[in-house]
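Presented below is the structure to which this report refers.
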Amino acid sequence: ISAALAALVGPQDDAERKLVAIWEEILDTSPIGVHDNYFELGGHSLLAVRMMTEIEKKFGKQLPLAILAQAPTIAELASLLHDKTWSASWTSLIPIQPDGTKPPFYCVHARGANVLPYLDLSRHLGKDQPLYELQMRGLDDKQAPHDSLEEMARDYISEIREFQPAGPYYLGGHSFGGMVAFEVAQQLVAQGQTVGLLALFDTYGPGYPRYMPGMSPLRIRYQRFLERVDLHAGNLLAARGLRAKLSYLGTESINLRKRGRRFYLKKLKKNVFNPMFRPFPVTLRKLEKASRKATVRYQQKPYPGRVTLFRASKQPAGIYPDPELGWSAIAEGGVEIHEVPGRHGALVNEPRIGPLAQQLARCLEAAYQLAASSSISSGGR
């Protein structure tokens, strides 16, 4: 018997046995011990969606997706499921990967989302790169979401600076999250702090995108449908092996059912008291609506620093092309562009996260070295 198997600890109760069965099915590996780490077993965000869905079916309890970052073993998850009084304590700053010798990288959630999308990014950046995510207030359905990006950024800065009192700060975000990260950078600079890197993952700047003449709402809708088909086809091709492809299809079928339920509820214009309609999608809709309103009200102002833009190689059809996605108008320190293969919705998730992670790792390393040399030249002040 190998040393690994000899050290493997089996399930001690019914809850752990159910979780082992779920993990072995979804991760396609056996045996799994109750102290094995989900991510070290090859788990990622797509599989996590399926896993949490199965946990809800088997236990009738919905765990926040963020909990995987803090309780990545069966024993830890089972302990939470046993505790009838447990509820997640709220904080926006979530440690996705707190270990490592490098300065932390802070990622801001996309519209209405939580920590899940950046789990894959953290795995690709490695164990020496600390990564924290800021999740949107209101995900616990106990607090009202922020009314504005400025208010959101102020609260996020408060948590960041409580954890790390002084810069340089290294920030990033995908789509809406990039816009919030931009405002966080603005306010940090106004406070006299240094922003070492502002990484925007296919985030649009002011006035972008602008559609060309002839792009009617119906044509735009049809074009978006074609682009979504292309996105999923590309993801399927990128998934390695039959098992990974089937896993992707399984996860997307779950997402499709959730979208169908949301559409059905919207049409009825009322809540349906039925077990298939869970409150969590309603919460997500509320957060997405709040995010959209905050985006409309937000007025981007000139930023004295540099913007590092990771632009999707496939941009929406029918828009005026701009390699800087509108950021050159307000980025006074210039725009550094890195083109990432794929479409907007597939940059920060498996199976397409690899190219973005590689380019980001190089940018972070360059920013760290620049900060270190500046500190030396200034005498460490």
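What nm value, rounded to one decimal, do you get for the distance between GLN62 and LEU80 when each label is placed 7 Å out toward the C-beta?
My value for the distance between the label points is 1.4 nm.
Using packing as a proxy for protection, rank 347-360, 290-303, 189-202 so that the peptide with the highest average count of other Cβ atoms within 10 Å comes first.
On the way: 347-360: 21.3, 290-303: 14.9, 189-202: 19.4.
In decreasing order of mean packing, 347-360, 290-303, 189-202 become 347-360, 189-202, 290-303.
Can you give the FRET efficiency to the nearest 0.05 for LEU370 and ALA71, using r as the Cβ-Cβ distance and R₀ = 25 Å? Display every interim value, and only then the final one.
Working: r = 37 Å, r/R0 = 1.46.
E between LEU370 and ALA71, to the nearest 0.05, is 0.10.
Expressed in nm to one decimal, what extension gain is obtained for the pair ARG210 and ALA144 from 0.36 nm per residue of sequence separation less their Cα-Cα distance? Before the final figure, lay out the partial values.
On the way: separation 66, 0.36 × 66 = 23.76 nm, distance 3.23 nm.
In short, 20.5 nm is gained.
Kindly rank 166-179, 323-336 from highest to lowest mean number of other beta carbons found within 10 Å of each residue.
Final packing ranking: 166-179, 323-336.
Counting only residues 5 or more places away or on other chains, whose amide H sits under 5 Å from the amide H of ILE337 once H atoms are built in the peptide plane?
Here the answer is LEU309, since their amide H atoms fall under 5 Å of that of ILE337.
Can you compute 3J(HN,Hα) from phi for each residue in the range 103-109, using the Karplus curve 6.51 cos²θ - 1.76 cosθ + 1.60 with θ = phi - 60°, rounded to whole Hz and x for Gly and Pro?
3J(HN,Hα) across the range 103-109, in whole Hz: x, x, 10, 9, 10, 9, 3.
Assign one of three labels to the range 16-77, namely rounded, prolate or oblate, based on the Cα gyration tensor with a ≥ b ≥ c the square roots of its eigenvalues; rounded applies when a/c is under 1.5, prolate when it is not and a/b is larger than b/c, and oblate otherwise.
rounded
If I take R0 = 41 Å and measure r between the Cβ atoms of GLU339 and LYS286 in this structure, what FRET efficiency does the formula 1/(1 + (r/R0)^6) give, to the nearest 0.05?
On the way: r = 35 Å, r/R0 = 0.85.
So the FRET efficiency works out to roughly 0.70.
In the structure shown, do any of LYS127/LYS301; LYS142/LYS301; LYS142/LYS293; LYS58/LYS289; LYS286/LYS314 have a Cα-Cα gap over 27 Å, and if so which?
Pairs exceeding 27 Å: LYS127/LYS301; LYS142/LYS301; LYS58/LYS289; LYS286/LYS314.
Once you have a ≥ b ≥ c as the square roots of the Cα gyration tensor eigenvalues for the range 316-357, tell me rounded if a/c is under 1.5, and otherwise prolate or oblate according to whether a/b is larger than b/c.
In terms of gyration-tensor shape, oblate.
Please compute the modelled spin-label separation between ARG362 and TYR320, points set 7 Å along Cα→Cβ, answer in nm with one decimal.
So the two model labels end up 3.1 nm from each other.
Which net charge results for the neighbourhood of ASP83, defined as the other residues with beta-carbon distances under 13 angstrom from its beta-carbon, given Lys and Arg at +1 and Asp and Glu at -1?
Values: positive: LYS61, LYS84; negative: GLU76.
Surrounding charge for ASP83 is +1.
For SER313 and ARG17, compute 0.36 nm times the residue count separating them, minus their Cα-Cα distance, and round to one decimal in nm.
Difference between extended and current length: 102.1 nm.
All of the numbers you see were taken from the coordinates with simple rules; none came from a lab. Keep in mind that this is a model prediction, so the values were computed, not measured. For neighbour counting, all protein chains shown are included, and Cβ atoms are generated from backbone atoms with ideal geometry for every residue, glycine included.
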